[in-house]
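Working notes for the structure below.
The values are calculated or read from the model by the stated rules, or taken from the named source; none is laboratory data. As the structure is a prediction and not an experimental result, all values here were calculated from the model. With ideal geometry, Cβ positions are generated from the backbone for all residues, glycine too; neighbour counts draw on all protein chains shown.
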């Protein structure tokens, strides 16, 4: 039986089937990811139409998101300001 972490990486081919920069990944605590290109918070703010918050990093707490935010971490403070 696979755990959620393994299953999420099995989806990398699906994600990589999209054009570069179609899906923007931001991970403030690492500089490089083996499978995905990481971008800055600023680039995601500029380019993304929808932000998905998957981890409640403190770096995301004070950001004023100007576009739609879907949070999977139970925090509602990501609303448009």
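For the reader, a short list of remarks on this structure follows.
- Tally, over the stretch 56-72, of residues that are exposed (fewer than 14 other Cβ atoms within 10 Å of the Cβ) and without any contact (Cβ under 8 Å) to a residue 24 or more places away in the chain: 9
- Meeting the requirement of 2 or more residues that are at pLDDT below 85, the helices (runs of 4 or more DSSP H) wholly within the chain are 4-10, 12-16.
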